[in-house]
Structures are given as C-alpha cells and as structure tokens.
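This report refers to the structure that appears directly beneath it.
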Amino acid sequence: MYSVILWDLDNTLLDFTASEKYAFDACMADAGLTSTDELLSLYSRINLSYWKMLERGEIAKDVLLRQRFVSFFEEAGITGVDVNRFKDTYQQLLGNVCYYLDDSLSLCREIHNTCRQYIVTNGVASTQRNKLNLSGLMDVMDGLFISEELGCEKPSAQFFERCFRQIPDLKKEEAVIVGDSLTSDMSGGNRAGIACCWYNPSGQPAPDNIRIDHTIRNLWQLLPLLHGDFYL
C-alpha cells in the first residue's frame with residue numbers, strides 16, 4: 001500500500017531519551033556537578049518547550065541550542081557554569097551514541113528491498129548524521145532530510161514540499177510518515193497531504209484535531225500496513 005516511508009528519527013527509530021540522559025549526565029560531571037533524575041527531568045521539560053517553539057517558528061535553532069541551557073541553569077539555581085562549553089559538549093555527545101527502539105535497524109533492513117525510506121528530522125545536522133552513520137541506519141535509507149539544511153522546519157508544508165522535490169516519482173497517496181510527535185510528525189503529515197502513522201508506544205489517547213491514519217505501539221506493526229492490511 002505504501003511505497004515511501006518518511007521516518008522521524010528521535011524517539012521513533014532511535015531512543016533519544018536514553019541519548020539525552022547519557023549526554024546530560026556526562027556534561028554535568030564535566031562541569032563538576034551531580035546529575036539527578038530531578039535535574040534531568042527539569043532539563044528535558046525545558047528542552048522540549050524550546051523545540052516546540054522552533055516548530056511554531058518562534059525561535060531560531062542557534063538561539064535554542066544555547067538558551068535552553070541558560071533557562072535550565074536559571075531554574076535549577078546553578079551558577080558558574082560555562083554555558084557554551086556545556087552546550088558544545090552536550091551536542092557532541094548526543095551524536096556519539098545511539099540506542100535502537102524496537103530493533104529498528106533490523107526492521108529497516110527488512111523493509112529496504114520493498115519500500116523507499118527517508119529520514120525527516122529537525123535535529124542538529126552534525127549530530128543526526130553522526131548518529132545515523134553510527135547506527136547503520138543510513139545504509140538502508142534512500143535519503144536524509146534535515147530541517148536546517150532545507151531551510152525550514154517540520155511541521156511546515158514547505159519542509160515537506162522541499163523533501164518531495166528530491167524523492168523521484170513520488171506519489172503522495174503511497175507515502176506515509178511514521179513518528180512519535182503529534183505536533184511535528186502527525187501535524188506535518190496533515191499539512192503535507194500524506195498518510196500519518198503515529199508511533200505511540202505508551203498508548204496515549206489520540207487527539208481530535210489531528211488526522212491520524214494508523215497508530216502503532218511497536219515499530220514492527222508497520223509491516224502489515226505496507227501490504228495493505230489495515231486492521232491496526
């Protein structure tokens with residue numbers, strides 16, 4: 001049924017939460033600070049809020065990458081940290097590790113001979129490329145679309161239009177986006193006019209204001225959809 005898959009990367013194919021913890025803990029230690037679950041949770045909340053601002057076009061990415069740490073240290077009451085060093089080290093460490101979700105590499109390898117697969121991501125280009133090469137996922141992908149290289153962010157229609165121009169012989173009715181984010185992936189798929197498959201491992205309730213064509217709790221549940229079996 002679908003011949004083109006647009007994959008989100010972070011917290012879809014790869015476990016961003018695990019990478020975030022690794023990088024955050026290492027940076028805190030480098031700064032002479034003790035990382036705790038509470039501090040990580042605070043940072044994660046602040047970080048997510050900044051990425052949502054980016055999706056809405058309210059902040060530039062280069063501002064986001066530094067300001068999220070400024071906000072974190074202010075809210076945590078931590079002073080004396082070299083924010084630029086923390087920021088640069090964190091970004092480098094994020095790209096030095098990868099953790100698969102649902103054995104995603106094996107799944108993408110299995111799909112490789114039957115569907116074209118592309119990554120669509122708002123992440124930092126150098127970090128995403130490092131993770132993809134480290135993970136082996138780029139070996140089975142037909143292309144990679146990163147917002148900062150395209151000049152616009154998911155979920156804008158312009159982002160997807162620029163992706164589509166680079167996918168040969170694309171038929172939008174045969175394309176599906178698979179991702180965990182309602183605001184970036186599913187809303188983006190709505191604006192792009194393609195099918196939307198929500199990766200929802202925790203079983204959160206679906207919203208009423210976003211079209212979701214399929215919901216999966218494990219990435220391997222995508223396989224029946226590729227053969228037209230819409231019982232999920």
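The values are calculated or read from the model by the stated rules, or taken from the named source; none is laboratory data. It should be emphasised that the depicted structure is a prediction, and the values quoted were computed from it without experimental measurement. Backbone-built Cβ (ideal geometry, glycine too); neighbour counts: all protein chains shown. Please note that ligands, DNA and RNA were not included when accessible areas were found on the heavy atoms of the full protein model with its side chains. Shrake-Rupley method; radii C 1.70, N 1.55, O 1.52, S 1.80 Å.
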inquiry  = Place a point 7 Å from the Cα of residue 70 along the Cα-to-Cβ direction; which residues of region 24-48 have their backbone N under 17 Å from it?
reply    = 46-48
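Could you compute the FRET efficiency for residue 218 and residue 52, with r as their C-beta to C-beta distance and R0 at 30 Å, rounded to 0.05? Write out the running numbers ahead of the final one.
On the way: r = 26 Å, r/R0 = 0.87.
For R0 = 30 Å, the calculated efficiency reads 0.70.
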query = Quick one: Kirkwood hydrodynamic radius for the chain, alpha-carbon pairs, angstrom, one decimal?
reply = 18.4
Tilt relative to the chain, helix 61-76 - C-alpha long axis, 0 to 90 degrees, to 10 = 50
message = Could you derive backbone 3J(HN,Hα) for region 44-59 from the dihedral phi with the Karplus parameters 6.51, -1.76 and 1.60 (θ = phi - 60°), listing whole Hz in sequence and x where the residue is Gly or Pro?
response = 4, 5, 5, 4, 4, 5, 6, 5, 5, 4, 4, 4, 7, x, 9, 8
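Please give the calculated 222 nm ellipticity per residue for the chain, where each DSSP H segment of at least 4 residues contributes -39500 (n - 2.57) and the sum is spread over every residue; nearest 500 deg cm²/dmol? Before the final figure, lay out the partial values.
Values: 10 runs with 104 residues, N = 232.
Mean residue ellipticity at 222 nm (helix-derived): -13500 deg cm²/dmol.
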Cβ-Cβ FRET estimate between residue 209 and residue 41, R0 fixed at 35 Å, reported to 0.05 = 0.80
note = Computed on Cα atoms, the radius of gyration and Dmax of region 31-123 in angstrom are 16.9, 54
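Percentage of Cα-Cα pair distances in region 128-232 greater than 23 Å, rounded to whole percent? Numbers along the way, then the final one.
On the way: 1695 of 5460 pairs.
Summing the P(r) of region 128-232 above 23 Å gives 31 percent of all pairs.
Got a sec? What order do 37, 25, 30 fall in by accessible area at 1.4 Å, biggest, i.e. largest, first? Write down the numbers at each step before the final one.
Details: 37 110, 25 45, 30 80 Å².
Result, largest first: 37, 30, 25.
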Dimensions (Å) - region 91-183, Cα atoms, principal axes, largest first = 35, 30, 24
request  = Pop the C-beta distance of residue 165 and residue 125 into the FRET formula with R0 = 22 Å and round what comes out to the nearest 0.05.
outcome  = 0.70
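Please work out how much length the chain gains when fully extended from residue 89 to residue 183, using 0.36 nm per residue of separation minus the C-alpha to C-alpha distance, in nm with one decimal.
On the way: separation 94, 0.36 × 94 = 33.84 nm, distance 2.82 nm.
Stretched out fully, the residue 89 to residue 183 stretch lengthens by 31.0 nm.
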query = Using the alpha-carbon atoms, what tilt in degrees (0 to 90, nearest 10) does helix 16-30 show relative to the longest principal axis of the chain?
reply = 20
ask   = For residue 29 and residue 134 in one chain, what is 0.36 nm times their gap in residues minus the Cα-Cα distance, to one decimal in nm?
value = 35.4 nm
